[in-house]
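Worksheet: one structure, shown below.
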Amino acid sequence: MIYWLVLLIVCLVLEAATLGLTTIWFAGGALVAMVVALLGGPVWLQVLLFFVVSGILVVFTRPIAAKYFNQDRLKTNAESVVGKQAVVTAEIDNVKETGEVLVHGQEWSARGVAEYPQIAKDTVVIVDSIEGVRLFVRPVEA
C-alpha cells in the first residue's frame, strides 16, 4: 500500500509541476491500486488494476481534457506568421542560402519553398511554414 501511496504522491507532484496532463492518469490508477491494497487484494490484482485504470483514463478522458485545456492556447509569435503575407526585403536564393522577409513589422530569415528557389526583392509572398528561425515562403500569385 505504501508503494501505491508514494506513486500517487509522485504523480500528483509531477502533474502540479508540469501542468501538462502527463501523470494525472497514472495517479488515478495508483489510487485504485492503493484502495485494492487496503482491502487486502493480491499484488497481481493491484498491478493489473493500476494499468487498466490508467489506460482507460488516458484513452477516454485525455482527448476531452486536452480539448478543454488547450482551447485558450495562444499561438506563439512564430506560429502566428504561417499563412500570412510578407514582403521580400533581401532577394531569396536557396542555393546561396540568402534571403529575408518582413512580416508583421519583423524581419525574418527566409527561403523559398522547393518550387521557388529564387524570389526577387519586393515580391509579396505567403509564409508556408517555419523551421527554427527561418520562414519558407512562396509568391502570392503561386
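The values are calculated or read from the model by the stated rules, or taken from the named source; none is laboratory data. Note that this is a predicted model, so its numbers are computed, not measured. Here the Cβ is made from the backbone with ideal geometry for all residues, glycine too, and neighbour counts use every protein chain on show. With ligands, DNA and RNA removed, areas are computed over all heavy atoms of the protein, side chains included. Shrake-Rupley method; radii C 1.70, N 1.55, O 1.52, S 1.80 Å.
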Considering the range 123-142, residues that are touching a Ser or Thr at 6+ places or on another chain (Cβ under 8 Å) and either in contact (Cβ under 8 Å) with a residue 60 or more places away in the chain or not aliphatic (A, V, I, L, M) (or both), and then whichever is farthest from VAL88 (Cα to Cα), we arrive at ARG134
Do we have MET34 as aliphatic (A, V, I, L, M), modelled with pLDDT of 85 or more, touching a Leu at 6+ places or on another chain (Cβ under 7 Å) and over 30 Å from ARG134 (Cα atoms) here?
yes
Within the range 37-60, of all residues that are at pLDDT 90 or above and over 21 Å from MET1 (Cβ atoms), the one least open to solvent (accessible area, probe 1.4 Å) is GLY55
Any hit, the range 120-130, residues being within 29 Å of the chain's Cα centre (by Cα), in a strand (DSSP E or B) and not aliphatic (A, V, I, L, M): yes
Going through the range 90-111 in order, the residues found to be of a type in the set (A, V, I, L, M, F, W, C) and free of Cβ contacts under 8 Å to residues at least 40 places away in the same chain are ALA90, VAL95, VAL101, LEU102, VAL103, TRP108, ALA110
Taking the range 33-58 and keeping residues over 16 Å from THR23 (Cβ atoms), of a type outside the set (S, T, N, Q) and in a helix (DSSP H, G or I) leaves VAL35, VAL36, ALA37, LEU38, VAL43, TRP44, LEU45, VAL47, LEU48, LEU49, VAL52
Would you check if VAL125 is over 30 Å from PHE26 (Cβ atoms) and modelled with pLDDT of 95 or more?
yes
